[in-house]
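Report on one structure; see the data block that follows.
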Amino acid sequence: MTIDTPAVHVPRPHAKVRRATKSSWAGLAVIVVLLLAAPAVPYVLDKGVQGSLVTLFSLIVMATMWNLLAGYGGMLSIGQQAYVGIGAYALVYISDTIGLDPFMAVPLAVVIAGLFAYPISFLAFRLSGGYFAIGTWVIAVVLMQITLQIPALGGGIGVTFTGFSDLTPGRRIAYVYWLSLVGVALAVAVTYWIMRSRLGLGFTAIRDDETAAASLGVRVTRSKRFVFVVAAMGSGLAGAMIAANTLRVQPDSIFSVNYAVFMIFIVVIGGIGTIEGPILGAIVFFALQQWLSDLGAWYLVILGVIAIVITLFLPRGLWGLVSGDGRIRLFPVGYRLVRAAPEP
């Protein structure tokens, strides 16, 4: 004889995932307020402050692009200054020689940097690891040497940017400030969009293990080439911003490896592999430049000591410290597990 017993329903907890958190919504509100207030800066601050802010914006763009390339794509480059130089020279040549409006020339300069990066990637990708890093540096040096041989680009003495000659100094710096504000917002927004997409997930997989990523169907080479070109275009944008701000482009300075050092330092102290890290790192680095630049060689020594200390004791960078090791995210690109109440 069998006895039928009623089925016992055991409540099972179910979970869901989400991207946004309270901190990200609060961060979004702060960002919106800043973006609404930032365009008013030329009306309340002098030309010197505006020029300094353009410099800060260019640092944020360069660091964000290097972080996209190395922090997310796993490609450690010390040659991104090549595209900074290409963007700067492209802006000057298109505006001064061809005669196009400088604000219309900036997007073209960005595209030209990407067009240079695409064929260069076929050469660079034949290398890996440390060889890739050194190879990108060599490519930047070669491009600088080529620039030195082109009379139209001023040779070794460089060129003066005259595209804004019909504007008063105050109006010029205001326009350059607004241009740079749009540029830095665009660079961060594009990085955020990429990392929230399937491409971003593929980049992370490639960074962790290329072989495993390929076995899961990720098109490794195509994805790496895409991020390589995008990072070059962003660096070209930074170069155009620098040229528009300083009105002078010289090959030994615009192609200087110092830009690569700045990018690496900013990302390391800010927090590699995050969107917030390069922004925070650029602000800290910019402040250090303002405070320590009069110390001469000691300025570089202090920066080196800071980098070493943060690397040893704060491997996630300053943003890792501020965010509580990722609990606070202003730009959520991944998913967070949320455990809901048990089913009734």
What's the number of the condition THR274 fails, among (1) modelled with pLDDT under 90; (2) surrounded by fewer than 24 Cβ atoms within 10 Å (Cβ to Cβ)?
(2)
May I ask you to list the residues in the range 271-288 that are touching a residue at least 60 places away in the same chain (Cβ under 8 Å) and part of a helix (DSSP H, G or I)?
GLY277, PRO278, ILE279, GLY281, ALA282, ILE283, PHE285, PHE286
Does the range 155-171 contain at least one residue that is in a helix (DSSP H, G or I), in contact with a helix residue (DSSP H, G or I) (Cβ under 6 Å, 6 or more places away or on another chain) and buried (at least 17 other Cβ atoms within 10 Å of the Cβ)?
no
Just for the range 224-234: of the residues that are surrounded by fewer than 21 Cβ atoms within 10 Å (Cβ to Cβ) and of a type outside the set (Val, Ile, Thr), which one is farthest from SER197 (Cα to Cα)?
ARG225
Just to verify a result, which residue in the range 32-69, among those that are in contact with a helix residue (DSSP H, G or I) (Cβ under 7 Å, 6 or more places away or on another chain) and small (Gly, Ala, Ser), is surrounded by the most Cβ atoms within 10 Å (Cβ to Cβ)?
ALA63
Scan the helices (runs of 4 or more DSSP H) fully inside the range 213-270 and keep the ones with 2 or more residues being touching a strand residue (DSSP E or B) at 6+ places or on another chain (Cβ under 9 Å), closer than 18 Å to THR55 by Cα and not acidic (Asp, Glu).
220-246
If a residue must be of a type in the set (Ser, Thr, Tyr) and within 26 Å of the chain's Cα centre (by Cα), how many such residues does the range 112-169 contain?
6
For the range 189-198: of the residues being surrounded by fewer than 20 Cβ atoms within 10 Å (Cβ to Cβ) and part of a helix (DSSP H, G or I), which is farthest from the chain's Cα centre (by Cα)?
ARG198
For the condition over 16 Å from GLY71 (Cβ atoms) and at pLDDT 90 or above, what is the one hit in MET241, MET263?
MET241
Given the criterion touching a helix residue (DSSP H, G or I) at 6+ places or on another chain (Cβ under 8 Å), without any contact (Cβ under 8 Å) to a residue 60 or more places away in the chain and surrounded by fewer than 24 Cβ atoms within 10 Å (Cβ to Cβ), identify the matching residue among ILE112, ILE146, ILE94, ILE78.
ILE94
Hey, can you tell me all the residues within the range 175-214 that are of a type in the set (Gly, Ala, Ser) and either within 14 Å of VAL61 (Cα to Cα) or touching an Asp or Glu at 6+ places or on another chain (Cβ under 9 Å) (or both)?
SER180, GLY183, ALA185, ALA187, ALA189
Within the range 127-143, take every residue that is in contact with a helix residue (DSSP H, G or I) (Cβ under 8 Å, 6 or more places away or on another chain) and farther than 26 Å from GLY99 by Cβ and give me the one that is surrounded by the most Cβ atoms within 10 Å (Cβ to Cβ).
ALA140
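The values are calculated or read from the model by the stated rules, or taken from the named source; none is laboratory data. Owing to the predicted nature of the structure, the values given are computational and were not obtained by experimental measurement. Heads up, the Cβs are rebuilt from the backbone with ideal geometry, glycines too, and the neighbour counts pull from every protein chain shown.
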